[in-house]
Amino acid sequence: MPSTEPKPQIVPLFFQPGRDDGFDRQLVILRELFGDVADFLPPVALGESLPAADAVVFPQLLGEGYRCLAAFKAITLPILIITSEFGTFSMWDWELMTYLREAGVPTLAPRSPAQARKMFSALRVRAELRGTKFLVYQDNPGEGQQAPIFKRFYWWESEAVQRMTDRFGIRIEKRSFKELGERSRSLPDADAVEARRSWGVPTEDLSDRALNSATKLYLAVKRDLDADRSIRAVGINCLNESHFCDSTPCLAWNRLHLEGGFIWGCEGDVISMLNQYILNKSLGAPAFMTNLYPFLMGDAALRHERMTAFPPVKGNPDDYILVAHCGYTGLIPQSYATEWNLKKKVLRIVDENAVAIDARIPEGPLTLAKIHSDFSTMTVAEGELEGYSQQPGTDCLTGGVVRVKDGKKLLSRLASHHFLLMHGHYGSDIGEIAPIFGLRIDEA
């Protein structure tokens, strides 16, 4: 079935004095290979004014390029190089691409049709962000539970919101969590029972009241999302202002992602929401947010989780991180998980009726990523999920044990305790789409 998503608008560029048969043949090939994911507009000569578009593409590179540096530098859109009949760049393009890169003109040159499709997907997401709204429920962030901790977070600062808006065109709308909690509680239990009749939610030691409250919070949020189709990500200041609701949104985020692909933000973290949106929507990466507790942080990390020691590991402890959030590995949707259960809450700062997700992803290759507060840098590290640690009586009943290449190097580059995790190694893919979003990759 053809995709109904808007396609990125791509302008083919040719060198003066004019197009030749080679250019026209390659443009036909590009439309045949990628016409389902991109719209190729009428060709324009390099140096002429461009129509509104998301990127330009060179179906053909010629020696004239060395004498057109000023025209290349004048291009403000991403520059794609796809010159082979196979939907890739050609080996003969390396010299001109290197010449341009060293002159400050980066290009996007896919080595495979699959990589080209990821680039077109990222271009679509970049354009989509300009019409996207992030919805956040909060009232007085930082003033509730654990205020000394929560008041330190940048994602609540007006500067952070303004930078995101200026750089990506996102609109962030804030609504009352208190009002949402009241609406949620007022819904009949019968509505909750009917809504989840077909879900088959795996639960463990969870009361009907807790399950109904979690479902009613989902229903209240879903009604808001249904009323505004521009909302594609949603978050709640669920811990710091937990007194406004008798549940937590874990089940809601799981269902909304399964049903509509919505991106969620624990604790209303709009920076993590943006990061997750880019990676999930561009690459299809199974990205979820969790907290990082590097072994190198010692007692400062252990005390927060009410633990006395980190789990034993096979390698150098300096290169290990415990990943956990709200008592378990992270808010992992069912579609990402090998094991998944909705359980009663773990943290003391939320309502006694609240819930949490205990889930696991496959052990093996893992990628960690997080955008910095300048919104122009993303730290990316690859590692291995070696297993899980269970610590009864703590705030980390189940946590993932992750080994990275260089723990000290990663620690020096962490931008937040909130990080995105993805099963699989995505470092190369992230680096290839990063320029489309104006991001520089800081490998750790």
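The values are calculated or read from the model by the stated rules, or taken from the named source; none is laboratory data. Predicted model only: the values in this text are computed from it and were never measured. So basically every Cβ, Gly included, is an ideal-geometry build from the backbone, and we count neighbours across all protein chains shown. Only protein heavy atoms, including side chains, enter the accessible area calculation; ligands, DNA and RNA are left aside. Shrake-Rupley method; radii C 1.70, N 1.55, O 1.52, S 1.80 Å.
Is the shape of region 353-393 best called rounded, prolate or oblate, per the rule: a/c under 1.5 gives rounded, else a/b larger than b/c gives prolate, else oblate, with a ≥ b ≥ c the square roots of the Cα gyration tensor eigenvalues?
Taking the square roots of the gyration eigenvalues as a ≥ b ≥ c, region 353-393 is oblate.
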(Q) Which of rounded, prolate or oblate describes region 40-186 when judged by the alpha-carbon gyration tensor and an a/c cut-off of 1.5? (A) prolate
Q: Could you pull out every residue, at least 5 positions away or on a different chain, whose amide H is within less than 5 Å of the one on Thr203? Hs are placed 1.01 Å off N in the peptide plane, and Pro or chain starts have none.
A: Leu342
**Q.** Members of Lys151/Lys409; Lys345/Lys370; Lys174/Lys409; Lys7/Lys370; Lys344/Lys409; Lys178/Lys343 lying beyond 32 Å, as alpha-carbon distances in this model show
**A.** Lys174/Lys409; Lys344/Lys409
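Of the heavy-atom accessible surface of the chain (probe 1.4 angstrom), what whole percent is carbon and sulfur?
With neighbouring chains kept in place, the figure for the chain is 49 percent.
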Q.
Under a Cβ-only charge scheme (Lys and Arg +1, Asp and Glu -1), can you give me the dipole magnitude of region 109-149 about the Cα centre, in debye to the nearest 20?
A. 580 debye
Q: Kindly write out, for region 25-36 in residue order, the coupling ³J(HN,Hα) from the Karplus curve 6.51 cos²θ - 1.76 cosθ + 1.60 (θ = phi - 60°), rounded to whole Hz, with x marking Gly and Pro.
A: 5, 5, 5, 4, 5, 4, 5, 5, 6, 10, x, 7
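From the Cα gyration tensor of region 284-399, with a ≥ b ≥ c the square roots of its eigenvalues, which class applies: rounded if a/c is under 1.5, or else prolate if a/b is larger than b/c, or else oblate? Write down the numbers at each step before the final one.
Working: a/c = 1.39, a/b = 1.15, b/c = 1.21.
Here region 284-399 falls in the rounded category.
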(Q) Which GluC sites (Glu not before Pro) in region 1-103 sit in a loop by DSSP (not H, G, I, E or B) and have at most 15 other Cβ atoms within 10 Å of their own Cβ? (A) Glu48, Glu85
Q: Place a +1 charge on the Cβ of each Lys and Arg in the chain and a -1 charge on the Cβ of each Asp and Glu, then give the dipole magnitude about the Cα centre in debye, rounded to the nearest 20.
A: 400 debye
Q | Charge dipole magnitude, Cβ of K and R +1, D and E -1 - region 310-444, Cα centre, debye nearest 20 | A | 260 debye
Q: Per residue of region 407-424, in order, report the coupling 6.51 cos²θ - 1.76 cosθ + 1.60 (Karplus, θ = phi - 60°) as ³J(HN,Hα) in whole Hz, putting x for Gly and Pro.
A: x, 5, 5, 5, 4, 6, 10, 5, 9, 5, 6, 7, 9, 8, 10, 9, 5, x
**Q.** Under the Karplus curve 6.51 cos²θ - 1.76 cosθ + 1.60, θ = phi - 60°, whole-Hz ³J(HN,Hα) for region 291-308, x wherever Gly or Pro sits
**A.** 9, 9, 10, x, 4, 4, 7, x, 4, 4, 7, 4, 4, 4, 9, 6, 10, 9
Q: Give, as a single signed number, the net charge of other residues whose beta carbon lies under 14 Å from the beta carbon of Pro110, with Lys and Arg counted +1 and Asp and Glu -1.
A: -1
**Q.** Selected from Lys314, Lys216, Lys118 as most flexible by GNM, with the chain as the system and alpha-carbon contacts under 10 Å
**A.** Lys314
Q: Work out, step by step, the length gained on full extension between Lys344 and Arg229: first 0.36 nm times the residue separation, then minus their alpha carbon distance; give nm to one decimal.
A: 38.2 nm
Q: Any chance you could give the angle, 0 to 90 degrees and rounded to 10, that helix 208-226 forms with the longest Cα principal axis of the chain?
A: 30 degrees
Q: Would you mind computing, in nm to one decimal, how far apart the modelled labels at Ile75 and Ser186 are, each placed 7 Å from Cα along Cα→Cβ?
A: 5.6 nm
Q | Interchain or long-range residues, amide H under 5 Å from Phe288's placed H | A | Leu421
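Using R₀ = 41 Å, calculate the FRET efficiency as 1/(1 + (r/R₀)^6) where r is the Cβ-Cβ separation of Asp406 and Asp24; round to 0.05. Before the final figure, lay out the partial values.
Numbers: r = 50 Å, r/R0 = 1.22.
Calculated transfer efficiency: 0.25.
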Q.
Defining a contact as two alpha carbons under 8 Å apart and six or more residues distant in sequence, what relative contact order in percent does the chain show?
A. 13 percent
Q: Just add up the charged neighbours of Arg348: K/R +1, D/E -1, any other residue whose Cβ is under 15 Å from the Cβ of Arg348.
A: 0
Q) What are the residues whose amide H is under 5 Å from the amide H of Trp264, where those residues sit 5 or more places off or on another chain and H is modelled from the backbone? A) Val234
